[in-house]
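Contents: one structure, followed by commentary.
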Amino acid sequence: MDLRTALKIGIAQLRNANVSSHTLAAELLLLHASDRTRTSLYAHPEDQLSEAESQEYFSLIERRASGVPVQHLTGKREFWGLEFEVTPDVLIPRPETEHVIEVALDRLALRDRRGKKTQNMSGEGLLIADIGTGSGCIAIALAKELPAAHIYALDISPAAIEVAQRNASKLGFASCIKVLESNLLSALSEPSPLPLDLVVSNPPYVGRREAPTLPREVRDHEPAIALFGGEEGYEVYSDLVLQSAIHLQPGGVLVLELGHSSLPAVRPLLDSPAWANVGVTNDLAGIPRVIAAERV
Ligand SMILES: C[S@@+](CC[C@H](N)C(=O)[O-])C[C@H]1O[C@@H](n2cnc3c(N)ncnc32)[C@H](O)[C@@H]1O
């Protein structure tokens, strides 16, 4: 069978199974099964799939039709221009999480400008923690932008820690990122709290009561510990903010991703005199997605 025909059949099968973004999904699975690039697929759609490639492709289509996310079938996901390994043990990095990186970099640059320091483009001397690192995507994207910073990538899940460590090594950032198993910032608390310049986190923020409304790809295939923050969803933020206040140096920056309805619960946590310059950034859909603040 040629590539064009295989793609058409795959798209039709996914459409019939009500899979969202069925065209893109079939294309990604065909590229994966045939080990081709998008350019070569569209330049030579008449190329024949081998028997083995065809079997692999249609078995992937069947699994996608049954609800398995594309990224679990291909084992990868692009984030911040880098290709991350993903497994069922970690959250699949979402495009909106790139706002966390943008806000963190803006806030650090603003801090330098206000302190009339020359901009610290390489992150020299900065101590950074990414809480709930999952695949390591936030920590590694920050390491790409701030190659001289010391970054701690923390997660409570030992299985996620292994994926994050592999991504840091494969992408060439193992020397600037320390991946540690940790409940929030506990691993950086002894003998005394490590004085951090930046804390970033995309914590679990979905409410357990919302579980029935989640798409089945998410509910049945992504780890519960990465999704659910408690019955309501915003429960993790209060400890996250309290521990960050203890660890951040004066002028240190906190940047947190928000769930679609987290803002009313999270904003008041930053009303204490410990915090200043609180700001909220909307994502492209206009949803308040990132909250940032500075330790006084
Ligand atoms: C929403 S996922 C974010 C993963 C990744 N940072 C991203 O943006 O794609 C939340 C992560 O927090 C971790 N986590 C949940 N509770 C935690 C806790 N108390 N301390 C540290 N990590 C935790 C989960 O294992 C999961 O990897």
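All of the numbers you see were taken from the coordinates with simple rules; none came from a lab. Keep in mind that this is a model prediction, so the values were computed, not measured. Every residue, glycine among them, receives a Cβ derived from its backbone with ideal geometry; neighbour counts consider all protein chains shown.
Brief remarks on what is shown
- Checking every residue in the stretch 93-116 against the condition of being closer than 21 Å to Val236 by Cα, among the charged types (D, E, K, R) and part of a loop (DSSP other than H, G, I, E, B) gives at least one match.
- Given (1) under 26 Å from Ile161 (Cα atoms); (2) crowded, with 21+ Cβ neighbours inside 10 Å, index of the condition Thr74 fails: (2)
- Close pairs from the stretch 192-213: first under 20 Å from Ile131 (Cβ atoms), partner away from the ligand (no atom under 14 Å from the Cβ) and among the acidic types (Asp, Glu), Cβ under 8 Å, at least 6 apart: Gly207/Glu231; Gly207/Glu232
- Pair list, Cβ < 7 Å and 6+ apart or interchain, from the stretch 1-23 residues that are more than 17 Å from Leu41 (Cβ to Cβ) to residues that are assigned to a helix (DSSP H, G or I) and among the small types (Gly, Ala, Ser): Gln13/Ala65; Ala17/Ala65; Val19/Ala25; Val19/Ala65
- Breaking point among (1) under 23 Å from the mean Cα position of the chain (by Cα); (2) surrounded by fewer than 20 Cβ atoms within 10 Å (Cβ to Cβ); (3) not hydrophobic (A, V, I, L, M, F, W, C), for Ser272: (1)
- Test: residue in the stretch 146-167 that is in a loop (DSSP other than H, G, I, E, B), out of contact with any Asp or Glu (no Cβ under 8 Å at 6 or more places or on another chain) and within 15 Å of the ligand (Cβ to nearest atom): no
- One residue stands out in the stretch 1-25 among those that are surrounded by fewer than 19 Cβ atoms within 10 Å (Cβ to Cβ) and of a type in the set (A, V, I, L, M): the one that is nearest to Ser66 (Cα to Cα), namely Ala17.
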